[in-house]
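Q: Pasting a structure here, questions to come.
The values are calculated or read from the model by the stated rules, or taken from the named source; none is laboratory data. Bear in mind that the values here come from a model prediction, so they are computed numbers and not experimental data. Heads up, the Cβs are rebuilt from the backbone with ideal geometry, glycines too, and the neighbour counts pull from every protein chain shown. Please note that ligands, DNA and RNA were not included when accessible areas were found on the heavy atoms of the full protein model with its side chains. Shrake-Rupley method; radii C 1.70, N 1.55, O 1.52, S 1.80 Å.
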Amino acid sequence: MAKIVTLGEIMLRLSPPGYERFLQASSFDVQYGGAEANVAASLAQLGHHTTFLSKIPNNSIGDAAVGTLARVGVDCSHIVRGGDRLGIYFLENGASVRASSVIYDRADSAITKASADEFDFDAVFADADLFHVSGITPVLSENARDITFAALKSAKEHGVCISFDLNYRAKLWTEDVEEKQAMLREMIKYADICFGNARDAAKCLGYSENGIDFINGDYAICVDETHMSNVVKTYNLKYLVTTLRNSISASDNGWSAAVCNGNTLYCGKQYDLHIIDRVGGGDSFASGFLHGITSGMSMEKSLEFAIAAAAIKHTIPGDINYIKEDEVLALMDSDGSGRVQR
């Protein structure tokens, strides 16, 4: 199995029990998660040696966050301990016609105040096979931007395959949009694998093509073969991978995905999902594809594995996908009916 490194922020998640609203809540359920941390956790459970890089406060809340990852096998030895606080987000789970809602309280979190010289990137990447980061981390602060650049440069110098999830989050893009796009355009030059599509590229990279409005126009053209291939070629990618979600309601979605290598577009199987917890679905999808590619699966089988892994995640509360490879493979070979395994 591969040695995989991820870099990002892990946060404290507080949610009203079940499907209660914030106004009803007299208590909160506690979870920990974050885009790259979730990927590390999934890949560790799939058998890879995963290392998570971050800065986390040296207090009991920080210990709990680190413990969440360590329990599933993530190497936390390169996490820097310090800073004043762990970022928090509050999640109100939606149902039926009521969408989920997220409120962030992450200003001045430890990772946003960290510096690149606190990390020994040469040691981390010396024998690594793959590095994964998302577009969330570098837009958190100038410090986080500098750390991400330093990690990307070190990974490339060590010949490590680089995976970049564009991961557009509207609440992080309310100001300095052109500056952030220019920054991510520099970062995407390091990427071999990108998670996103033409719409994500337009939002995060300022991508344009013959005056097409990818942001407000027909979503179908953002994920078709022509425009996925054009994004691949524009940014010299090996793979561009996107989820395909048909949102019937907050509780029920059609779920599939597509991958493009610049020559062909492959669309995978669709699952009909009844959602328990949607958060972390994209991260479990990314980890599933990376597991497939680093394990020697074909592009097509890697995508099918990713779709199935993420389908399972939608049934699991919390950010992290608690899975094993055999159950993902079993779902791929089944009709998805969820019959009891006896």
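Q: Keeping to the range 102-129, report how many residues are part of a helix (DSSP H, G or I) and over 12 Å from Gly82 (Cα atoms).
A: Result for the range 102-129: 7.
Q: Restrict the check to the range 150-161 and report whether at least one residue is part of a loop (DSSP other than H, G, I, E, B), open to solvent by 10 Å² or more (accessible area, probe 1.4 Å), among the basic types (Lys, Arg) and touching a residue at least 12 places away in the same chain (Cβ under 8 Å). Quick ask: steps written out before the conclusion?
A: Initially, the range 150-161 is screened for residues part of a loop (DSSP other than H, G, I, E, B), giving 158-160.
Pick out the ones that are also open to solvent by 10 Å² or more (accessible area, probe 1.4 Å) and you get 158-159.
The next check asks that each one be among the basic types (Lys, Arg); those that pass are none.
Checking the range 150-161: not a single residue is part of a loop (DSSP other than H, G, I, E, B), open to solvent by 10 Å² or more (accessible area, probe 1.4 Å), among the basic types (Lys, Arg) and touching a residue at least 12 places away in the same chain (Cβ under 8 Å).
Q: Does any residue of the range 102-110 turn out to be buried (at least 17 other Cβ atoms within 10 Å of the Cβ) and touching a strand residue (DSSP E or B) at 6+ places or on another chain (Cβ under 7 Å)? Reasoning before the result, please.
A: Of all residues in the range 102-110, those buried (at least 17 other Cβ atoms within 10 Å of the Cβ) come to 106, 109-110.
With touching a strand residue (DSSP E or B) at 6+ places or on another chain (Cβ under 7 Å) added as a condition, the list becomes 106, 110.
Yes, the range 102-110 has at least one match.
Q: Going through Phe214, Phe164 one at a time, which residue ends up being part of a loop (DSSP other than H, G, I, E, B) and among the hydrophobic types (A, V, I, L, M, F, W, C)?
A: On inspection, the qualifying residue turns out to be Phe214.
Q: Okay, moving on. So which of Gly280, Gly288, Gly292, Gly296 is open to solvent by less than 30 Å² (accessible area, probe 1.4 Å) and more than 30 Å from Val97 (Cβ to Cβ)?
A: Values: Gly280 fails: more than 30 Å from Val97 (Cβ to Cβ); Gly288 fails: more than 30 Å from Val97 (Cβ to Cβ); Gly296 fails: open to solvent by less than 30 Å² (accessible area, probe 1.4 Å).
Going through Gly280, Gly288, Gly292, Gly296 in turn, the sole match is Gly292.
Q: Name the residue, out of Gly211, Gly206, Gly196, Gly159, that is on the phi > 0 side of the Ramachandran plot and under 20 Å from the mean Cα position of the chain (by Cα).
A: Unique residue meeting the criteria: Gly196.
Q: Taking Phe305 as meeting all but one of (1) of a type outside the set (Lys, Arg); (2) touching a strand residue (DSSP E or B) at 6+ places or on another chain (Cβ under 9 Å); (3) within 26 Å of Val133 (Cα to Cα), write down the number of the exception.
A: Just one mismatch for Phe305, condition (2).
Q: I would also like to ask the following. Considering Val74, Val97, which residue is in contact (Cβ under 8 Å) with a residue 24 or more places away in the chain and over 26 Å from Asp146 (Cα atoms)? Write out each step before concluding.
A: Details: Val74 fails: over 26 Å from Asp146 (Cα atoms).
Only one candidate qualifies: Val97.
Q: Moving on to the next point. Among the residues of the range 172-192, are any under 20 Å from the mean Cα position of the chain (by Cα), closer than 19 Å to Gly33 by Cβ and open to solvent by 20 Å² or more (accessible area, probe 1.4 Å)?
A: The answer is yes, given that some residue of the range 172-192 is under 20 Å from the mean Cα position of the chain (by Cα), closer than 19 Å to Gly33 by Cβ and open to solvent by 20 Å² or more (accessible area, probe 1.4 Å).
Q: Within the range 239-275, which residues are assigned to a strand (DSSP E or B), in contact with an Asp or Glu (Cβ under 8 Å, 6 or more places away or on another chain), more than 16 Å from Ala310 (Cβ to Cβ) and not aromatic (Phe, Trp, Tyr)?
A: Cys260, Leu265 - these are the residues of the range 239-275 that are assigned to a strand (DSSP E or B), in contact with an Asp or Glu (Cβ under 8 Å, 6 or more places away or on another chain), more than 16 Å from Ala310 (Cβ to Cβ) and not aromatic (Phe, Trp, Tyr).
Q: Counting only residues that are of a type in the set (D, E, K, R) and assigned to a loop (DSSP other than H, G, I, E, B), which one in the range 68-100 is most open to solvent (accessible area, probe 1.4 Å)?
A: So the residue we want is Arg71.
Q: Restricting the search to the range 249-302, which residues are in contact (Cβ under 8 Å) with a residue 24 or more places away in the chain and among the charged types (D, E, K, R)?
A: If the condition is that a residue be in contact (Cβ under 8 Å) with a residue 24 or more places away in the chain and among the charged types (D, E, K, R), then Lys269, Asp272, Asp277, Arg278, Asp283, Glu300 are the ones that fit.
Q: Is at least one residue of the range 48-63 open to solvent by 30 Å² or more (accessible area, probe 1.4 Å), among the hydroxyl-bearing types (Ser, Thr, Tyr) and within 30 Å of His314 (Cβ to Cβ)?
A: No, because not a single residue in the range 48-63 is open to solvent by 30 Å² or more (accessible area, probe 1.4 Å), among the hydroxyl-bearing types (Ser, Thr, Tyr) and within 30 Å of His314 (Cβ to Cβ).
Q: Next question, about the same structure. Could you tell me whether Gly33 is open to solvent by 10 Å² or more (accessible area, probe 1.4 Å) and in contact with an Asp or Glu (Cβ under 7 Å, 6 or more places away or on another chain)?
A: For Gly33, the condition - open to solvent by 10 Å² or more (accessible area, probe 1.4 Å) and in contact with an Asp or Glu (Cβ under 7 Å, 6 or more places away or on another chain) - is not met.
Q: Which is in contact with a Gly (Cβ under 6 Å, 6 or more places away or on another chain), closer than 19 Å to Asn261 by Cα and crowded, with 19+ Cβ neighbours inside 10 Å, of Leu130, Leu166?
A: Details: Leu130 fails: in contact with a Gly (Cβ under 6 Å, 6 or more places away or on another chain).
The conditions single out Leu166.
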